[in-house]
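Accompanying notes for the structure given below.
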Amino acid sequence: MVFSHLIFLYAFLPLLLLLYYIGKDAGWRRGILLLFSLLFYAWGEPVYILLMLASALLNYQCGRLIGAAPTDSRRKLAVVSGVVINLALLGVFKYTGFAVETLNALTGLALPVPKIALPLGISFYTFQAMTYVIDVYRGYCQPQKRFSRVLLYICLFPQLVAGPIVRYVDIEDQLNERRVSAAQINHGIWRFAIGLGKKVIFSNTCGLACQNLFASAGSTVLGNWAGILFYALQIYFDFSGYSDMAIGLGHMFGFTFPENFDYPYISRSVTEYWRRWHMTLGSWFRDYLFYPVLRSRVFQRLTRSLKKAGHKTAARQLPTILALLIVWFSTGLWHGASWNYVLWGLYYGVWLILEQYVLEKPMKKLPGAAQAVIGHTSFFFITLIGYAFFYHENNLFANLGRLFGVGTASFSSEYAVSLLYENGLLLMAALVCVTPLGHRLYEALRARLRNTCGPHRAYTADRMIKTVLVLALLAVCTLRLVGDSYNPFIYFKF
Amino acid sequence: MNNNEIYERLNSIFQDVFDDSSLTVNPDTTAADIEDWDSLTHITLVGAVEEEFRMKFSMKEVVEMKNVGEMAQIVAARRKR
């Protein structure tokens with residue numbers, strides 16, 4: 001099921017809220033949440049739900065094994081088995097076809113390529129489950145005694161399918177019992193409505209504009225750039241909208257999930273962008289891959305031997321650079337079983353390394369205004385080219401070439417210009433909405449209200465404005481959803 | 001060795017890692033106070049501290065240390081030189 005589905009909005013969610021809040025007992029509420037989460041998943045994956053149940057069971061057992069292990073080496077064995085099992089499940093169901101295709105291409109063999117459908121959300125819930133076993137091993141949390149809690153953690157419907165990647169320790173206590181205030185529920189509804197608006201009003205329309213531009217003006221340079229620009233907007237509104245909805249739904253049931261986006265498109269560098277975009281994935285790779293790789297024996301030995309040989313700078317930089325390449329190769333591969341995603345990841349890895357070790361110092365010597373102009377402009381083009389890697393699963397290089405006039409018929413065409421004209425208003429509105437401008441204006445208004453009418457009236461006014469906005473958003477989105485069939489979430493396929 | 005000495009040695013490591021000889025750290029210094037303190041420099045810093053004091057941080061500590069004070073406490077409890 002999808003959040004931006006009329007059945008979800010008008011049947012699933014209201015029914016769940018009703019049943020959930022009818023009972024005051026914490027056990028009842030956990031049970032209802034678990035039941036509806038399983039229903040939510042089974043709606044789209046009636047068979048693969050068994051895989052998710054198996055994954056939860058394996059991770060639960062693994063946590064218990066780590067907790068009960070008498071020695072450090074046993075604990076290590078248990079956690080390594082847990083990680084291997086998780087990666088193996090992900091590997092089999094996500095990467096088998098890709099691996100066989102690559103093998104065929106490399107060796108000239110013609111092995112049959114198995115067609116395994118990707119289980120919904122497997123990349124997300126596998127990564128979540130891994131935080132559980134690894135954090136039990138690292139001593140962040142106790143192994144959970146009850147299977148139903150681990151299952152609830154894995155299958156909790158708001159963030160099950162497309163993040164944010166919530167770590168077990170983030171919600172360990174909340175899994176047992178939660179206190180929900182009316183203010184939190186209100187805030188949750190507000191966040192959900194914002195996310196729904198991002199998805200239905202902006203993402204779906206930007207997606208259509210992108211499709212049309214590539215289909216009708218794909219032979220022009222302008223059409224390619226504009227197409228990728230609309231794709232960049234679509235994916236931001238799609239994915240951050242999904243995260244907003246997940247976080248909002250969490251609030252409605254008393255959960256606090258980590259934030260996932262912080263206005264990524266106002267970044268001045270790739271480094272900054274990756275601190276603002278899909279933050280829970282970035283910090284996952286930092287804590288569970290980057291740090292462990294750099295602190296592994298192999299890497300420490302490399303550092304030591306470089307230092308012994310007198311290469312001081314290399315000793316400091318080379319291991320980090322190698323670890324970064326490993327992380328970004330993995331980040332790319334995580335997104336999809338296809339080489340374009342791997343190249344996309346490495347593209348960003350190389351930029352991050354360049355920024356860290358080459359570009360940072362000369363940039364800092366420039367005056368502030370120049371830093372801002374160069375930073376924002378270069379980021380704009382670097383990101384759009386990055387999205388071209390991401391968008392074109394097939395014929396990547398031919399499509400990249402078209403951005404630079406290789407293989408295009410002309411720079412522009414009447415059709416490209418008229419399409420841009422048609423979508424000009426959408427483009428401008430979307431560009432304003434990727435910045436914190438709206439948020440800042442509203443906060444300024446609220447501060448002014450507080451100063452002039454006092455905190456109580458300001459609070460009432462805030463509630464009234466938000467209620468009207470929520471209802472308006474819901475009405476607009478419903479109207480659009482009734483007549484619109486173009487409604488996919490991009491990150492569902494990862 | 002007293003706390004002051006640990007801070008002196010930590011300070012020179014920070015100056016070295018962040019390439020800034022005017023940098024001074026105190027127990028309350030956090031990543032937010034030093035502009036370049038991100039995940040890359042953090043792990044370099046941890047490595048340099050471990051080497052200087054001949055000790056190891058656990059993975060949990062690497063991720064969780066919130067300020068220089070916490071780092072110094074762990075160092076004081078575990079250092080071998």
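Where a number appears in this text, it was derived from the coordinates with a stated rule and is not lab data. This structure is a prediction, so every number in the text was calculated from the model and none was measured. Cβ placement follows ideal geometry from the backbone for every residue including glycine, while neighbour counts extend to all protein chains displayed.
Note down the relative contact order for chain B as a percent, whole number, built from C-alpha pairs under 8 angstrom at least six residues apart.
Values: 70 pairs, mean separation 29.8, N = 81.
Relative contact order, chain B: 37 percent.
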Quiz item: Most exposed first by the Cβ proxy, i.e. fewest other Cβ within 10 Å, how do A:K24, A:K145 rank?
Solution: A:K24, A:K145
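For B:D20, what charge total do you get from the other residues with a beta carbon under 11 Å from its beta carbon, if Lys and Arg give +1 and Asp and Glu give -1?
Numbers: positive: none; negative: B:D16, B:D19, B:E35, B:D36.
My count for the surroundings of B:D20 gives -4.
Considering only the other residues whose Cβ falls under 12 Å of the Cβ of A:W284, what net charge follows from Lys and Arg at +1 and Asp and Glu at -1?
On the way: positive: A:R167, A:R286; negative: A:D135, A:D170, A:D287.
Once positives and negatives cancel, what remains is -1.
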Quiz item: Using the 10 angstrom Cβ neighbour count as an exposure proxy, how do A:H278, A:H251 rank, fewest first?
Solution: A:H278, A:H251
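Counting only other residues whose beta carbon sits under 13 Å from that of A:A193, what net charge do I get with K and R as +1, D and E as -1? All intermediate terms of the calculation are to be shown ahead of the outcome.
Numbers: positive: A:R191, A:K198, A:K199, A:K466; negative: A:D244.
Here the charged neighbours net out to +3.
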Quiz item: Does region A:127-199 classify as rounded, prolate or oblate by the C-alpha gyration tensor (a ≥ b ≥ c root eigenvalues; a/c under 1.5 gives rounded; else a/b over b/c gives prolate, otherwise oblate)?
Solution: prolate
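Can you tell me the dipole magnitude for region A:371-494 around its Cα centre, using point charges on the Cβ only (Lys, Arg +1; Asp, Glu -1), in Debye to the nearest 20? Don't skip to the end; give the middle numbers.
On the way: 10 positive and 6 negative charges, 149 e Å.
About 720 debye.
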Practice problem: Note down the relative contact order for chain A as a percent, whole number, built from C-alpha pairs under 8 angstrom at least six residues apart. | Solution: 17
Quiz item: With the calculation restricted to Cα positions, what are the radius of gyration and Dmax of region A:256-406 in angstrom?
Solution: 17.1, 50
Quiz item: Under the definition of Cα pairs under 8 Å and six or more residues apart, what whole-number percent is the relative contact order of region A:287-382?
Solution: 17
Exercise. Round to a whole angstrom and tell me the spacing of the C-alpha centers of region A:410-430 and region B:6-33.
Key: 52
Quiz item: How large is the helix-only mean residue ellipticity at 222 nm for chain A, computed as the sum of -39500 (n - 2.57) over DSSP H runs with n ≥ 4, divided by its residue count, in deg cm²/dmol to the nearest 500?
Solution: -23500 deg cm²/dmol
Self-check item: Projected area averaged over orientations for the protein assembly as shown, convex hull of C-alpha atoms, nm²
Solution: 31.7
Quiz item: HN-Hα J couplings of region A:61-75 from phi, Karplus 6.51/-1.76/1.60, θ = phi - 60°, integer Hz, Gly and Pro as x?
Solution: 4, 5, x, 5, 4, 4, x, 8, 5, x, 10, 4, 5, 5, 4
Quiz item: So how strong a dipole does the protein assembly as shown carry about its Cα centre when Lys and Arg Cβ are +1 and Asp and Glu Cβ are -1, to the nearest 20 debye?
Solution: 1260
Quiz item: Given H placed on each backbone N at 1.01 Å, which residues far from A:S410 in sequence or on other chains put an amide H within less than 5 Å of it?
Solution: A:V221
Self-check item: Rg(Cα)/(2.2 N^0.38 Å) for region A:1-155, N = residue count
Solution: 1.27
Quiz item: What is the P(r) of region A:192-295, as percent of Cα-Cα pairs per 5 Å bin from 0?
Solution: 2, 13, 15, 17, 17, 15, 10, 6, 4, 1, 0
Quiz item: HN-Hα J couplings of region A:158-167 from phi, Karplus 6.51/-1.76/1.60, θ = phi - 60°, integer Hz, Gly and Pro as x?
Solution: x, 10, 5, 8, 8, x, x, 6, 8, 7
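Give me Rg/Rg_expected for region A:288-367, where Rg uses Cα atoms only and Rg_expected = 2.2 N^0.38 Å with N residues. Please report the intermediate quantities before stating the final value.
Numbers: Rg = 14.7 Å, N = 80, 2.2 N^0.38 = 11.6 Å.
Dividing the Cα radius of gyration by 2.2 N^0.38 Å gives 1.26.
Determine, from the Cβ-Cβ distance of A:A429 and B:N2 and an R0 of 51 Å, the FRET efficiency 1/(1 + (r/R0)^6), rounded to the nearest 0.05. List each step's numbers first, then the result.
Details: r = 62 Å, r/R0 = 1.21.
In this case the efficiency is close to 0.25.
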Quiz item: Which ³J(HN,Hα) values, rounded to whole Hz and listed in residue order, are derived for region A:453-470 from phi using the Karplus coefficients 6.51, -1.76 and 1.60 in 6.51 cos²θ - 1.76 cosθ + 1.60 with θ = phi - 60°, glycine and proline given as x?
Solution: 10, x, x, 5, 5, 4, 5, 4, 4, 4, 5, 5, 4, 5, 4, 4, 5, 4
Quiz prompt | Estimated distance in nm for a label pair at A:S296 and A:Y415, the labels positioned 7 Å out from Cα along Cα-to-Cβ | solution = 5.0
Practice problem: Would you mind computing the Rg to Rh ratio of region A:357-494 from its alpha-carbon coordinates, Kirkwood style for Rh? | Solution: 1.08
Quiz item: If you take the square roots of the eigenvalues of the alpha-carbon gyration tensor of region B:40-81 and sort them as a ≥ b ≥ c, do you get rounded (a/c under 1.5), prolate (a/b over b/c) or oblate?
Solution: oblate
Quiz item: Measuring from the lowest to the highest alpha carbon on each principal axis, how far does region A:270-328 reach, largest first, in angstroms?
Solution: 40, 22, 12
Practice problem: Please name whichever of A:V133, A:I185, A:A217 sits farthest to the positive end of the charge dipole of chain A, dipole taken about the Cα centre and charges placed at Cβ: Lys and Arg +1, Asp and Glu -1. | Solution: A:V133
